[in-house]
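Visitor: Pasting a structure below so you can have a look.
The values are calculated or read from the model by the stated rules, or taken from the named source; none is laboratory data. Here the structure is a predicted model, which is why all the values come from computation and not from measurement. Neighbour counts are summed over all protein chains in view; Cβ atoms, including those assigned to glycine, are modelled from backbone coordinates with ideal geometry.
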Amino acid sequence: RLVPCLFPLAAMTIKAPRAARSTPADVVNAEMHADSHDEGDDEDGAGTVPPPPNIDVAEMGRNPFERRLCAAIVEAAGGGSLRDARAGLHVVSVGRFDRSEKRACACGQKPLLRVFHLRHKGTGKQLDIGASCAKKFKMIGDVETQEAERALHNLEQLVQNPEMEMRGDLCKLARQTGLMASTEVEMMRKGRPQDEEYINELKATVLSGLDLVRRDVGDIVDQLGIPPRPVAADRRAIVRLVILGSRRHLLNVIDQSKLEATDLNLGKDVAEKPEQSLASEAAKLGFFEEAKLLLDAVGWGGPHALAALLQSVKKERLDFLEYYLAQLNAAPPDKETARLAVQAGENSRMLEVLLHWCSRSTGQEVQVFLDEALREACVSGPAGTVHRLLAAKARDKDSHALLRWCARLGGSGKDAA
């Protein structure tokens, strides 16, 4: 009579799973993830990570999370040894993901909160790794790990209080990412009261840029679609990443018609220092199509256009120069452009194109350009260039430049002059 009563209980006992025993590795792992991952919320992260590739298991460690992490690193490197794969990693950004984004560390745990964004130099593939994982398993060198941790801490401070100082490690990371120019890093370091407004705008740009640089294009579009974004800091961050960060494909994620001239500033005084213009940097790097798009948006009549013009003359890019001169409202070529055109040499077509522009243009700016070109030619140009400029009605009001030219020629050349 007792058998039928006891059998169900026996069946239940047989079916009940055994409690998993905690290994030392599991204990270490739980402590390791305390600051980068939320406790007790693994969801499907650990179960969906692909198995490690065929490499030495002993090299990858006994901890299952470490093995998954090492497998992801080797895969990002395109194969090979774990040592070589690690050597190719470098930090491209740091940040925090919101819990609602449910991001996973490369080790499989989720949600990922405090994160180092690493990229392999050889393949360009990015890995999102918890800050504690990167430190515990030495994914990068000790110095770079310490710099990234300090930068992340500083970033978290700025998010909580924008009035906080932006320190050296975060500035260095922003510079490497393409979010700051070297002159801006120096400005941030000095922290002068007269620069406070620009510094505050720059900090907002860096915060936005470090959030965007770690995302793919689709994710960026989604983020910028959440009101009140995009704001001015987002626009400035994107154009900096396009030019200084060489992420040219990102220019299409923003409405270019909304760009303003100040979005291209890399300093406070672009009019006096053309190198403080993103348009100038674009031309300097050979990104002439991007320079055209930026100037189509903000206009061809200001200092950014002139800055790009100077770079096009330096690089002897006739296509950009002719496009520039065809713009109805383009700022007229200035004295510096005249000097550079003469210095390009007699065999260059830069001066020829500019003289053609002079022949079909009017205004005082044309005469100023011609006169400055003549002065430069008298100092360093060949005789043929001087003759061409004189034929184009260039003037030397006090004859000082022409007298210097005559003295430079000497002999029969001086008599002919």
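Visitor: Quick check on this structure: which one of 281, 260, 290, 316 is over 17 Å from the mean Cα position of the chain (by Cα) and closer than 23 Å to residue 180 by Cα?
Guide: Testing whether each residue is over 17 Å from the mean Cα position of the chain (by Cα) and closer than 23 Å to residue 180 by Cα leaves just 260.
Visitor: Right, next: Do the conditions hold for residue 377, that is, is it at pLDDT 95 or above and of a type in the set (A, V, I, L, M)?
Guide: So residue 377 fails the test.
Visitor: What's the total number of residues in region 307-361 that are loosely packed, with under 15 Cβ neighbours inside 10 Å, touching a Phe, Trp or Tyr at 6+ places or on another chain (Cβ under 8 Å) and not in a helix (DSSP H, G or I)?
Guide: Looking only at that region, the number is 1.
Visitor: Just for region 290-302: of the residues that are free of Cβ contacts under 8 Å to residues at least 40 places away in the same chain and either in contact with a strand residue (DSSP E or B) (Cβ under 8 Å, 6 or more places away or on another chain) or among the hydrophobic types (A, V, I, L, M, F, W, C) (or both), which one is surrounded by the fewest Cβ atoms within 10 Å (Cβ to Cβ)?
Guide: 298
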